[in-house]
Amino acid sequence: MQDGAFTGTMQVMDTTGHTEIKWNKDNPAEVDTARTMFTAMVDAGKNIFEVTGKDNQGRRATEFNPQAERYMVVPQLRGG
Amino acid sequence: MPQILNTQAYLPWLGRKVVKSAGNGWVVMPTVTTSATTTAGNWWPYDSTASTNAASQMYWVTNQQIYTPTWSDIAEANAYERDRWVTGEQLLRQYERQEARIAAPAIIRQRTPEQIAQEEFRLLQHKEREREKLLAAERAEAFLVAHLTPEQQKTFKENKWFIVEGGKTKTKYRIQCHGSFVGNVDVLDERQNIKHRLCAHVETHQVPRGDNWLAQKAMLEWDEEHFVKTANVHRVA
């Protein structure tokens with residue numbers, strides 16, 4: 001990605017704490033990669049929320065929006 | 001090496017040699033007092049062809065003495081002790097095995113340099129894994145704190161809990177962060193008393209606990225219905 005590029009971020013909770021996947025919104029290849037990963041995670045049953053604003057408002061997302069600023073990917077929860 | 005002979009025998013458990021006396025009895029060497037009592041003990045036939053009728057071929061051994069059995073003793077012994085009879089040969093084999101165990105030198109296993117190197121490598125790997133887990137835990141907690149409001153950060157730091165508002169019903173939930181993420185979501189009433197508890201979390205091996213607490217917060221705030229539907233309810237006494 002070029003410096004100063006308009007990027008989106010997917011923050012995926014995992015064993016390392018979380019992993020960040022970034023894409024340049026103007027780079028079709030990166031957008032495609034991010035979309036593929038997004039779709040795979042939705043299919044795997046993960047909860048994906050688009051997070052906006054400084055107060056971190058979230059909204060469930062089922063389709064990838066390359067213009068989104070940030071997604072938070074939460075694994076499935078189970079009753080305990 | 002003990003031997004069972006026709007006229008004498010060595011009894012290893014007794015630690016004594018016995019010799020057949022001129023009569024029907026056996027004498028322990030050095031001689032000890034024999035008794036005619038029929039105290040229960042172990043029957044040891046002198047040889048494999050011992051006949052139950054040949055009283056002179058039987059000896060009745062306790063830790064202290066040997067008795068020459070009477071006819072009635074033999075009958076009684078036949079009835080109750082038959083399975084405990086051991087032939088002289090079996091006795092010898094038992095003694096040999098016991099001696100072999102005592103005599104066998106202790107084997108001290110020496111590790112080869114390769115084995116030592118492998119062990120040290122495994123230890124290093126273990127330490128690295130532990131370090132990674134610690135880093136992941138710290139990263140997850142920092143990720144959680146970054147998503148808390150100043151008020152939530154304060155209570156998290158001071159009391160290890162924070163309160164979130166359900167996105168749909170505006171119910172207050174207190175997420176306890178004392179270590180576990182099981183049954184740690186208190187459902188509060190208007191006076192912040194606990195009505196009941198909810199338990200829903202990510203599988204333990206998937207994410208560090210900081211991520212678990214953040215996942216609970218995110219679900220409650222952004223998809224409360226899904227969380228409540230998934231969670232198990234724990235009543236509070």
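Bear in mind these aren't lab numbers, they're just calculated from the coordinates by the rules spelled out. Remember, it's a predicted structure, so these values are computed and weren't measured experimentally. Quick reminder, even Gly has a Cβ in these numbers, built from the backbone with ideal geometry, and neighbours come from all protein chains shown.
Extension gain, A:Asp26 to A:Thr39: 0.36 nm times the residue separation minus the Cα-Cα distance gives 2.7 nm. Shielding value for A:12-21 is 6, the average number of Cβ atoms from other chains within 10 Å of each residue's Cβ.
Distance between the 7 Å Cα→Cβ label points at A:Gln76 and B:Gln110: 5.6 nm. Axis angle, to the nearest 10 degrees, between helix A:28-43 and the longest C-alpha principal axis of chain A: 10 degrees.
Exposure proxy shown here: for B:Asp223, A:Asp14, B:Asp189, the number of other Cβ atoms within 10 Å sets the order, fewest to most, as B:Asp189, A:Asp14, B:Asp223. Shielding of peptide B:230-236 by partners, expressed as the average count of other chain Cβ atoms within 10 Å per residue Cβ, is 2. Annotation for A:Lys54 and B:Leu188: the two label points, set 7 Å from Cα along the Cα-Cβ direction, are 2.5 nm apart.
Arrange A:Thr7, A:Thr52 by Cβ neighbour counts within 10 Å, fewest through most, would you?
Ranked by crowding around the Cβ, least crowded first: A:Thr52, A:Thr7.
Beyond 21 Å in Cα-Cα separation lie the following of the pairs B:Lys170/B:Lys195; A:Lys22/B:Lys160; B:Lys160/B:Lys229: A:Lys22/B:Lys160; B:Lys160/B:Lys229.
Per-residue mean of foreign Cβ neighbours for B:136-143 is 3 (Cβ atoms of other chains, 10 Å radius). Each label point was placed 7 Å from the Cα along the Cα-to-Cβ direction; for B:Asn232 and A:Asp14 their separation is 3.0 nm.
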